[in-house]
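The values are calculated or read from the model by the stated rules, or taken from the named source; none is laboratory data. All of these numbers come straight from a predicted model, not from anything done at the bench. Positions of Cβ are generated from backbone atoms using ideal geometry, with glycine treated the same way; all protein chains shown enter the neighbour counts.
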Amino acid sequence: MTLVQFSPAVTEAKANGTPIVALESTIITHGMPYPQNLETARLVEQTVREAGAVPATMAVLDGQLCAGLTDEQLENLAQAKNVAKLSRADMAACIAQGKTGATTVAATMIAARLAGIEVFATGGIGGVHKGAEDSFDISADLSELAQTAVTVVAAGAKAILDLPKTLEVLETNGVPVIAYGQDALPAFWSRDAGLRAPLRMDSAAQIAAAHQMRAAMGIPGGQLVANPIPPEHEIPADTLAPIIAQATADAAKHGITGKGVTPYLLQRIFELTEGRSLEANIALVLNNARLAAAIARELRATSG
Ligand code: PSU
Ligand code: MN
């Protein structure tokens, strides 16, 4: 039995040495409503291709860890109900039991490592939730970044989170947080979290070189690239602040906890912004896919 099932397109890319970008699937099943989730998944894949790399969307389908999905598999996943949201804790159990699940950032990093893929694009990583001092809700995405050597391109951590605490946990765990092309840490739907990012880089080549230097030094763990949403699509942080506060209060009122928190907040913010948050989310994912493909190309060009 082979652990990773490569799609025909990814198999070919591996044989030819074409750069590959990993993509996650929880954003499809839990992050966006149908049919925008499917449209976005297809657009993200297309964007990676146009940028000279091959997309490998990760998911567990009937117990098979897939690196790269066919369009039919993508379509089925986007419409499936009750798909598990997989992270480090439950991915192996899902595979062992022959079930189906979508991969979060943490699980996609694990899948990418197993598939030999070094770069991964998503929307925003999970992090330390507001009120974590009581709930202890800290995404497993952070500890995965600390131990799995994949460069993750996101638009920062989601603005629903406590961003200063998220930065602290990343620093404690030795994860480089690299703002792309600016000094400020981006905050998912907005370009500026009001915090300075620990590192700044202005080219895909610099990011690839830092990735390779970590490998050469034997430092485990990945890098978080925080790529600001394009200005024409951003929602200013002060417009969003009361909406995030409202959504967070609603989550508490309805007793939402654990894995349900992030999907609930994204859906609630979608309602409260009348769809504007989803438009921004789609724009930032596409922007991240482009940068991730450029990094994958640089890694390919400079590895012997
Ligand atoms: N990026 C998006 N939308 C999403 C996610 C990322 O634009 O829904 C998903 C990722 O799979 C990430 C997850 O790992 O949200 C975070 O969930 P949690 O906070 O429960 O760890
Ligand atoms: Mn959580």
note = If we keep only residues of segment 130-142 that are at pLDDT 95 or above and among the acidic types (Asp, Glu), then the residue nearest to ligand 2 (Cβ to nearest atom) is Asp137
inquiry  = I'd like to know if segment 267-276 contains one or more residues that are of a type in the set (S, T, N, Q), more than 13 Å from ligand 1 (Cβ to nearest atom) and modelled with pLDDT of 95 or more.
reply    = yes
task = For segment 220-266, name all the residues that are away from ligand 1 (no atom under 14 Å from the Cβ) and among the small types (Gly, Ala, Ser).
result = Gly221, Ala237, Ala241, Ala245, Ala249, Ala252, Gly255
task = Please specify each residue of segment 215-227 satisfying the condition of being out of contact with any strand residue (DSSP E or B) (no Cβ under 7 Å at 6 or more places or on another chain) and at negative phi.
result = Ala215, Ala216, Met217, Ile219, Pro220
In segment 253-303, residue surrounded by the fewest Cβ atoms within 10 Å (Cβ to Cβ) [restricted to those that are farther than 30 Å from Val54 by Cβ, in contact (Cβ under 8 Å) with a residue 40 or more places away in the chain and of a type in the set (A, V, I, L, M)] = Val261
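With Thr103, Thr18, Thr70, Thr26 as the choices, which residue is touching a strand residue (DSSP E or B) at 6+ places or on another chain (Cβ under 6 Å), polar (S, T, N, Q) and surrounded by fewer than 24 Cβ atoms within 10 Å (Cβ to Cβ)?
On the way: Thr103 fails: surrounded by fewer than 24 Cβ atoms within 10 Å (Cβ to Cβ); Thr70 fails: touching a strand residue (DSSP E or B) at 6+ places or on another chain (Cβ under 6 Å); Thr26 fails: surrounded by fewer than 24 Cβ atoms within 10 Å (Cβ to Cβ).
Exactly one residue qualifies, and that residue is Thr18.
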remark   = Out of (1) among the small types (Gly, Ala, Ser); (2) away from ligand 1 (no atom under 11 Å from the Cβ); (3) within 24 Å of Glu45 (Cα to Cα); (4) buried (at least 19 other Cβ atoms within 10 Å of the Cβ), the one Ala149 does not meet is (4)
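Results for (1) in a loop (DSSP other than H, G, I, E, B); (2) closer than 19 Å to Val83 by Cα; (3) of a type in the set (Phe, Trp, Tyr); (4) free of Cβ contacts under 8 Å to residues at least 12 places away in the same chain, shown as yes or no for each residue.
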{"position": "Ala9", "(1), (2), (3), (4)": "no, no, no, no"}
{"position": "Lys14", "(1), (2), (3), (4)": "no, no, no, no"}
{"position": "Thr29", "(1), (2), (3), (4)": "no, yes, no, no"}
{"position": "Pro33", "(1), (2), (3), (4)": "yes, yes, no, no"}
{"position": "Gln46", "(1), (2), (3), (4)": "no, no, no, yes"}
{"position": "Pro55", "(1), (2), (3), (4)": "no, no, no, no"}
inquiry  = Gly98 - would you say it is more than 8 Å from ligand 1 (Cβ to nearest atom) and either of a type in the set (D, E, K, R) or within 21 Å of Leu74 (Cβ to Cβ) (or both)?
reply    = yes
query = Do you know which residues across segment 217-255 are outside any helix (DSSP H, G or I) and polar (S, T, N, Q)?
reply = Gln223, Asn227
inquiry  = Can you tell me which condition Ala249 does not meet? The list is (1) within 23 Å of Ile27 (Cβ to Cβ); (2) without any contact (Cβ under 8 Å) to a residue 24 or more places away in the chain, and all the others hold.
reply    = (1)
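Please work out if Thr108 is more than 13 Å from ligand 2 (Cβ to nearest atom), in contact with a strand residue (DSSP E or B) (Cβ under 6 Å, 6 or more places away or on another chain) and either in a helix (DSSP H, G or I) or under 19 Å from Leu265 (Cα atoms) (or both). Outline the logic, then answer.
Values: more than 13 Å from ligand 2 (Cβ to nearest atom): yes; in contact with a strand residue (DSSP E or B) (Cβ under 6 Å, 6 or more places away or on another chain): yes; either in a helix (DSSP H, G or I) or under 19 Å from Leu265 (Cα atoms) (or both): yes.
Here the answer is yes, as Thr108 does meet what is asked.
Farther than 17 Å from Glu298 by Cβ and either touching a His at 6+ places or on another chain (Cβ under 7 Å) or among the small types (Gly, Ala, Ser) (or both), is that true of Ser203?
No: the conditions fail for Ser203.
Taking into account only those residues within segment 111-129 that are within 12 Å of ligand 2 (Cβ to nearest atom) and of a type outside the set (Gly, Ala, Ser), which is surrounded by the most Cβ atoms within 10 Å (Cβ to Cβ)? Can you show your working first?
Quick first cut of segment 111-129, residues within 12 Å of ligand 2 (Cβ to nearest atom) only: 125-129.
So of that shortlist, the ones also of a type outside the set (Gly, Ala, Ser) come out as 125, 128-129.
Details: Ile125: 27, Val128: 24, His129: 24.
If we take residues in segment 111-129 being within 12 Å of ligand 2 (Cβ to nearest atom) and of a type outside the set (Gly, Ala, Ser), then Ile125 is surrounded by the most Cβ atoms within 10 Å (Cβ to Cβ).
Quick one: which residue in Leu240, Leu195, Leu199, Leu224 is free of Cβ contacts under 8 Å to residues at least 24 places away in the same chain and either crowded, with 21+ Cβ neighbours inside 10 Å or closer than 18 Å to Ile125 by Cβ (or both)?
On the way: Leu240 fails: free of Cβ contacts under 8 Å to residues at least 24 places away in the same chain; Leu195 fails: free of Cβ contacts under 8 Å to residues at least 24 places away in the same chain; Leu224 fails: free of Cβ contacts under 8 Å to residues at least 24 places away in the same chain.
Criteria check complete, one pass: Leu199.
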message = Can you confirm whether Ala146 is modelled with pLDDT of 95 or more, among the aliphatic types (A, V, I, L, M) and in contact with an Asp or Glu (Cβ under 8 Å, 6 or more places away or on another chain)?
response = no
ask   = Within segment 119-138, can you find the residues that are within 12 Å of the chain's Cα centre (by Cα) and touching a residue at least 60 places away in the same chain (Cβ under 8 Å)?
value = Val119, Phe120, Ala121, Thr122, Gly123, Gly124, Ile125, Gly126
